[in-house]
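Take a look at the structure below.
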Ligand code: HEM
């Protein structure tokens with residue numbers, strides 16, 4: 001299965017008794033496990049996952065303390081700490097009536113919709129839809145790239161016991177991602193073992209504005225066109241070229257061969273021979289997205305790691321938007337990243353990365 005499309009189906013439980021009984025008897029056997037996903041031979045055509053909010057667990061009568069206050073309190077209560085203006089939130093996320101989300105992924109939207117229909121039929125009217133995000137890989141040679149045009153999904157930590165690390169890839173004990181595993185020191189109820197906290201963010205991207213910004217603020221490296229200078233600025237903001245090549249290894253020009261080589265495309269840590277990592281930004285600026293969200297050798301023994309599993313949502317930029325340099329305000333033309341991360345601690349994982357690193361100008 002290739003994850004070409006993924007629907008995030010946020011729901012509210014309307015009939016507790018029916019939901020519970022169907023969850024155990026019909027839905028549980030349909031859930032795709034990590035083991036199923038690890039090998040192409042065991043992957044289903046359409047993958048299904050489910051996550052509950054604290055409100056959902058409480059609705060189902062689960063009173064156990066999961067040991068994560070950000071999960072217990074919900075993202076809305078931490079919104080200002082994350083630097084969010086809730087006036088800009090999708091209103092359904094502010095309404096605090098979401099009990100859970102089904103994540104349905106496949107090669108085709110028809111497969112996704114058919115599994116969703118099967119799910120809804122099985123649940124016999126015991127849930128109602130609160131909100132839906134339709135994730136979609138970008139077309140053609142942009143597949144795997146997010147809407148600004150950069151290849152995504154290159155750097156995730158390798159989890160001991162699950163995957164063999166590529167050179168340079170961070171290796172984490174399973175408890176950094178999974179509850180109750182080695183490396184997770186919190187007390188958890190036994191049923192939560194091997195689960196993970198899921199963070200979901202709908203992050204709108206203004207692509208024409210991003211492109212104009214790059215052109216208007218492009219450096220003026222000699223012997224380079226304006227567009228090449230704009231591409232250089234974009235690469236320095238991201239820390240990778242659009243191909244995915246890390247600028248720490250390819251500071252002045254893209255290197256698509258390096259980008260495509262898993263033996264090399266993560267094998268960097270911002271250090272170089274005869275180079276002062278604390279002052280020298282000639283390879284990668286301190287402010288580059290990937291350096292802020294995973295500072296590698298800038299910090300020792302980083303345990304603030306997450307597994308990212310997002311997907312773009314929304315259509316391609318239209319010719320009108322390109323011509324005007326402005327994103328359309330038509331809701332169906334909104335585009336961005338359906339950001340997903342998994343971690344065993346939201347405060348050391350997503351929230352730490354967002355608050356203490358990404359949002360920190362120092
Ligand atoms: C619209 C918003 C975002 C876009 C367009 C975006 C895009 C990207 C891209 C293109 C990469 C490089 C590909 C890779 O290394 O896998 C990347 C890496 C990464 N991003 Fe984001 N990202 C966004 C939001 C976030 C947020 C909110 C977080 C966490 C708070 C985050 C955390 C990371 C991390 C941890 C990496 C890997 C860094 C590394 O290990 O070198 N990103 N992102």
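The values are calculated or read from the model by the stated rules, or taken from the named source; none is laboratory data. Every value quoted in this text rests on a predicted model; they were computed, and no experiment measured them. We place every Cβ from the backbone using ideal geometry, glycine too, and count neighbours over all the protein chains shown.
Here are some conditions: (1) without any contact (Cβ under 8 Å) to a residue 40 or more places away in the chain; (2) part of a loop (DSSP other than H, G, I, E, B). Residue 228 meets all but one. Which one does it not meet? For residue 228, the failing item is (2). Within the range 57-71, the residues that satisfy the criterion of being surrounded by 15 or more Cβ atoms within 10 Å (Cβ to Cβ) and either on the phi > 0 side of the Ramachandran plot or within 22 Å of the chain's Cα centre (by Cα) (or both) are 67, 68, 70, 71. In the range 213-242, the residue that is farthest from residue 277 (Cα to Cα) out of those that are touching a helix residue (DSSP H, G or I) at 6+ places or on another chain (Cβ under 8 Å) and within 11 Å of the ligand (Cβ to nearest atom) is 242. Looking at the structure I just gave you, is residue 190 out of contact with any helix residue (DSSP H, G or I) (no Cβ under 9 Å at 6 or more places or on another chain), modelled with pLDDT of 95 or more, more than 14 Å from the ligand (Cβ to nearest atom) and closer than 30 Å to residue 333 by Cα? Taking the combined requirement at face value, the residue does not satisfy it.
Scanning the range 95-147 for residues that are within 16 Å of the ligand (Cβ to nearest atom) and farther than 30 Å from residue 77 by Cα, we see that the one that is farthest from the chain's Cα centre (by Cα) is 141. Looking across the range 193-209, the residues that are surrounded by fewer than 16 Cβ atoms within 10 Å (Cβ to Cβ) and within 10 Å of the ligand (Cβ to nearest atom) come down to 203, 204. So, in the range 5-42, of the ones that are part of a loop (DSSP other than H, G, I, E, B) and at pLDDT 95 or above, which residue ends up farthest from residue 126 (Cα to Cα)? Ranking the qualifying residues of the range 5-42, first place goes to 32. Out of 157, 165, one residue alone is surrounded by fewer than 19 Cβ atoms within 10 Å (Cβ to Cβ) and within 14 Å of the ligand (Cβ to nearest atom). It is 165.
A quick yes/no check of all residues on (1) surrounded by fewer than 17 Cβ atoms within 10 Å (Cβ to Cβ); (2) over 26 Å from residue 356 (Cβ atoms):
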site	(1), (2)
234	no, no
240	no, no
263	yes, yes
266	no, no
279	yes, no
285	yes, no
292	no, no
304	no, no
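If the condition is being under 21 Å from residue 74 (Cα atoms) and surrounded by fewer than 21 Cβ atoms within 10 Å (Cβ to Cβ), then the range 319-341 contributes only 339.
State all residues of the range 119-131 that are without any contact (Cβ under 8 Å) to a residue 40 or more places away in the chain and surrounded by 14 or more Cβ atoms within 10 Å (Cβ to Cβ); if no residue qualifies, say none. Let's see the steps before the verdict.
Filtering the range 119-131 down to residues without any contact (Cβ under 8 Å) to a residue 40 or more places away in the chain leaves 120-121.
120, the sole residue that qualifies.
Regarding residue 174, is this residue within 16 Å of the ligand (Cβ to nearest atom), in contact with a strand residue (DSSP E or B) (Cβ under 8 Å, 6 or more places away or on another chain) and closer than 16 Å to residue 38 by Cβ? Here the answer is no, as residue 174 does not meet what is asked. Give the residues of the range 326-357 that are within 18 Å of residue 148 (Cα to Cα) and within 12 Å of the ligand (Cβ to nearest atom), sorted by residue number. Those that are within 18 Å of residue 148 (Cα to Cα) and within 12 Å of the ligand (Cβ to nearest atom): 335, 336, 337, 338, 339, 340. The set of residues in the range 303-324 being more than 24 Å from residue 206 (Cβ to Cβ) and touching a helix residue (DSSP H, G or I) at 6+ places or on another chain (Cβ under 8 Å) consists of 303, 304, 305, 306.
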